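The values are calculated or read from the model by the stated rules, or taken from the named source; none is laboratory data. Keep in mind that what you see is a predicted model, and the values were worked out from it rather than measured. Cβ placement follows ideal geometry from the backbone for every residue including glycine, while neighbour counts extend to all protein chains displayed. Heads up: the accessible areas ignore ligands, DNA and RNA and are worked out on the full protein's heavy atoms, side chains in. Shrake-Rupley method; radii C 1.70, N 1.55, O 1.52, S 1.80 Å.
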Amino acid sequence: MKTILVNTVPEETRVAVLEDGGLQALEVERATHSHLVGNIYKGYVQNVLPGMQAAFVDIGGEKNAFLYVGDGLPKEAVKSMNPNERIHIGQQLSVQIVKDAIGTKGPRATMHISLPGRHLVLMPTSAYIGISRRIEDEAERERLHGIAEKLCPPGMGLIVRTVAEGQEEEVLKADAEYLLRLWESIQARCKLSKAPCLLYRDADLIIRIVRDAFAADVEAMLIDDSAVCQRVRELVQYLSPGLVDRVKLYEERAPLFRKYHLDEEIEKMGAREIELKSGGSIVIDKTEALTAIDVNTGKYVGNSNLAETAYRTNLEAAEEILRQVRLRDIGGIIIIDFIDMEEARQKEALLEYMRDQARQDRTKTNIVDITSLGLVEMTRKKSRQNFESILYSECPCCHGRGRIESPETVSINISRDIRCMEQTSHARSGYEVEVHPQVAGELERNKVLERLERELGTVIRIVPKKELHPEGYSILLGSLSS
């Protein structure tokens, strides 16, 4: 069974999902970092890139949204149509954000609109009936497909969500009617509004959690704010009356997340290396193009042969990797360097285990294969700003590199600069070098400047300054007279 914890303050809302006592998912939303994903805008096209079948759409934000013209259209239609025939500069159109702005890239938009409800997702711009892949019973899938076909408005599409499993037709009908009314109101607003403008804002984090994750397998939802708790109870009373008693106000003195030891768990999520219970570890490194994860045996030596030890460590690492990927909301391409395994059956068993575990992820995750180099490839849909981008900023010391120049390197740079200055003009009054204390210690320890004084026939004085950057330094002329 699952437990959902909601910690809210005016500046931030945190939602944690626990399963069997372990943290399985964490979402953070801040007032200053509002998500755009799910929002629908009326925008106008500022630029068209025919060669990429793409356009940039002004939606009224700091950055234009990137729109792939083929979104929401059959591939055959895209191939046969000239993008300029369908879309042009100055054109006004409705788009939905499917990916937040990340780094220097603006948000990603689509013309393929979707409106999620409790049990159904309405797709006003495409005729398609879909059933959640988590509903595995074929008879139930066929029943739900038949109901969806009856309820689907002409020319539109419906996706049946996992929580619809076992629900009566009347329940699904009410959801479909609500979504259709919502779409009609969005269309009416679009006709009366001038681009760029917001037509529809997706629900906030708490509403999304109730809508998407609060189901029969949730034992309790604990909320530490009375007003938020009342709001959630009213929503659950409308959506799933049988579950309303599971929404409870947390009133103990100890902070909610501290009570469940989540603050320590969240702190670990910023670590590069994660230790495994067996003694092994995984190391996570993010690059611009992909995320690389390395698996190490560490202290684990096993109690059988080497091949079995590697396989057991890989299984444990796979479970933790998929958990960390969910917790940190890592998206895009992920490459995993597991411990080498010689037996093909063990490789296949590892892949199958990962695919089975990946089905628990609400975000679309695909375990691709093992490459010829023994690396496991996987992809995960990237849409919102992930955990790390919200909680952390680039290090002002290393500027995101993860390392700085060593004191020895800086000391050599200083000696090189002084030699260059001496070639221009000899400083009779000598030099004063302001450096970080670590660099000062390196200069004194290796006697770099003493050798330089003898070589150049001048005087050099070191001035340690704590406020300086470890890589920074200043070389001053004629300062020794004072």
Find the Cα radius of gyration of region 221-345, compare it with 2.2 N^0.38 Å by division, and give the number to two decimals. 1.49
Residue 235 accessible area, nearest 10 Å², 1.4 Å probe? 40 Å²
Rh (Kirkwood; distinct C-alpha pairs) - region 133-214, Å: 14.8 Å
Hull volume per residue for region 93-186, using the convex hull of the C-alpha atoms, in Å³ is 107 Å³
Could you work out how much longer the chain between residue 189 and residue 393 gets when fully extended? Use 0.36 nm per residue separation minus the Cα distance between them, nm to one decimal. 69.6 nm
Out of residues 5 or more away from residue 460 or on other chains, whose amide H comes under 5 Å of its own, with H placed 1.01 Å from N in the peptide plane? 431
Taking θ = phi - 60°, what integer Hz values does the Karplus form 6.51 cos²θ - 1.76 cosθ + 1.60 yield along region 50-55, in sequence order, with x for Gly and Pro? x, x, 9, 6, 9, 8
Skipping prolines and chain starts, which residues have an amide H placed within reach, meaning under 5 Å, of the one on residue 91, given they are 5 or more residues away or on another chain? 45
Could you check what % of the DSSP bridge pairs in the chain are antiparallel, to the nearest 5? 75 percent
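May I have the convex hull volume per residue, in Å³, for the Cα set of region 116-265?
Convex hull of Cα atoms, per residue: 160 Å³.
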Can you list the equivalent-ellipsoid semi-axes of region 380-482, largest first and in whole Å, using the square root of 5 times each Cα gyration tensor eigenvalue? 38, 13, 12
Report for region 114-183 the percent antiparallel among DSSP-assigned beta bridges with both residues inside it, nearest 5. 65 percent
Just for the Cα atoms in region 237-287, what are the lengths along the principal axes, largest first, rounded to whole Å? 45, 29, 25
Could you order the peptides 238-250, 406-418 from most to least packed, using the average number of other C-beta atoms within 10 Å per residue? 406-418, 238-250
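Let me know the whole percent of all Cα-Cα pairs from the chain that are separated by more than 38 Å. Write out the running numbers ahead of the final one.
Values: 51404 of 115921 pairs.
Cα-Cα pairs of the chain separated by over 38 Å account for 44 percent.
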Residue 237-residue 477 pseudo-label distance in nm [points 7 Å out on the Cα-to-Cβ vector]: 8.1 nm
Around residue 250, which amide H atoms from residues at least 5 apart in sequence, or from another chain, sit under 5 Å from its own amide H, with H modelled in the peptide plane? 223, 224, 225
By accessible area with a 1.4 Å probe, ligands and nucleic acids excluded, highest first: order of 66, 338: 66, 338
Charge dipole magnitude, Cβ of K and R +1, D and E -1 - region 333-415, Cα centre, debye nearest 20: 620 debye
Step through the residues of region 459-464 one at a time and calculate ³J(HN,Hα) from phi using the Karplus curve (6.51 cos²θ - 1.76 cosθ + 1.60, θ = phi - 60°), rounding each to whole Hz and writing x for Gly and Pro. 10, 10, 10, 9, 10, x
